[in-house]
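Some notes on the structure that comes next.
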Amino acid sequence: MQPATDSAQPATDSPRPVAGGGRAPAVTAGTRGFDRGRRRLEAAGATCVGSRYPTNFDVLHVDGDLPFLAVADGMGGGPGSTLAGMTAMATLVDEIHTAGPEVGGDGLRAALAEVQDQVVRAGADLGELTGCTLSALLAGAAARDAWVVQLGDSRVYRLRAGLLELLTTDHTTAWLGVVHGWYPADSAEAAAARYQLTRYVGHPEQPEPDLLNVSLLPGDVYCLCTDGVSDQLDYQRLRQQLGRPAQLHEIAEQLAADTLAAGGADNATVALLRVTAAPPAHRA
């Protein structure tokens, strides 16, 4: 990934983010459950290196204390990529843990501003691009809604009643070109602009994150993923896997494995949240 010209190791019980490692799928967080009144939330994630890069520049976080998950994708293949992803995720985790699940939209904007500042500071003396994408989801205390925040082209999907929806837009020149009719989605122009990011963490100007407040209904599955997943797995494959009645960590690991089967052309990371009705014994 590059800026627009015109503008894992296995997880531990710690909530700290970790970069993925190894060429086989690495589940960095097994299924974690959170009972919230009449609803139960499950979260899991997986990441893999693929065959393009010798290391993983993606960062995955599936929290052990809060229904909070996030993915980041470093830009480029150098030290700035790693530094940006790890700094962004560590800062966001600290901000969310300080604010708590009722942080709200204004609090999330403030958190992302701090993430931006920390990444810019970290890369000030590096002498190369220091930037990353960042997408996160934080469920409210009652698990009736959640906040989604995004910068870059790491996507957030929702499977509801069999319909898979893309909730976010890619902050790329290609997305703008297709939406505004500059060129077709399958054109050479769109392909050339695919990795030109218009907004990202570490942008030289203060980037404006997209924030969404979404409902949480029993049966929903939310999927956060880097472009190594969305570029390699088509709509039907994502829909099929997210709708399986399997353990959530198994679905995450299978999605990572599917990207390898599709060619492993990039680091690939996925974080999942599933909403179900809480067992009667756990209802408040």
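Results, tabulated for the structure shown:
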| item | result |
| --- | --- |
| Contacts under 9 angstrom Cβ, first residue in the stretch 204-226 being under 15 Å from Thr169 (Cβ atoms), partner aliphatic (A, V, I, L, M) and assigned to a loop (DSSP other than H, G, I, E, B), 6 or more apart | Leu212/Leu167; Val214/Leu167; Cys225/Leu233 |
| Residue list for the stretch 92-141, restricted to those being under 13 Å from Leu66 (Cβ atoms) and in contact with a Lys or Arg (Cβ under 8 Å, 6 or more places away or on another chain) | Val93, Ala139, Ala141 |
| Some residue of the stretch 184-191 being under 19 Å from Glu165 (Cβ atoms) and surrounded by fewer than 20 Cβ atoms within 10 Å (Cβ to Cβ) | yes |
| Unique match (being more than 29 Å from Glu250 (Cα to Cα) and of a type outside the set (S, T, N, Q)) among Gly105, Gly85 | Gly105 |
| Which numbered condition Ala46 fails, given (1) closer than 14 Å to Leu138 by Cα; (2) surrounded by 18 or more Cβ atoms within 10 Å (Cβ to Cβ) | (1) |
| Failed item in (1) more than 22 Å from Ala146 (Cα to Cα); (2) surrounded by fewer than 19 Cβ atoms within 10 Å (Cβ to Cβ), with Pro218 passing the rest | (1) |
| Helices (runs of 4 or more DSSP H) within the stretch 173-284 that include 1 or more residues at pLDDT 95 or above and aliphatic (A, V, I, L, M) | 227-230, 235-242, 248-261 |
| Among the residues listed as Asp227, Asp170, the single one being charged (D, E, K, R) and closer than 22 Å to Ala44 by Cβ | Asp227 |
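Residue-by-condition table, conditions (1) modelled with pLDDT of 65 or more; (2) under 18 Å from Tyr222 (Cβ atoms); (3) in contact with a Pro (Cβ under 8 Å, 6 or more places away or on another chain):
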position	(1), (2), (3)
Ala8	no, no, no
Gly30	yes, yes, no
Arg39	yes, yes, yes
Ala46	yes, yes, yes
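Matching residues to (1) farther than 17 Å from Glu205 by Cβ; (2) surrounded by fewer than 24 Cβ atoms within 10 Å (Cβ to Cβ); (3) hydrophobic (A, V, I, L, M, F, W, C):
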{"position": "Leu60", "(1), (2), (3)": "yes, no, yes"}
{"position": "Gly105", "(1), (2), (3)": "yes, yes, no"}
{"position": "Val119", "(1), (2), (3)": "no, no, yes"}
{"position": "Thr130", "(1), (2), (3)": "no, no, no"}
{"position": "Trp147", "(1), (2), (3)": "yes, yes, yes"}
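The values are calculated or read from the model by the stated rules, or taken from the named source; none is laboratory data. Small disclaimer: the values here were computed from a predicted structure and weren't measured. Cβ sites come from the backbone with ideal geometry, for glycine too, and all protein chains shown count toward neighbours.
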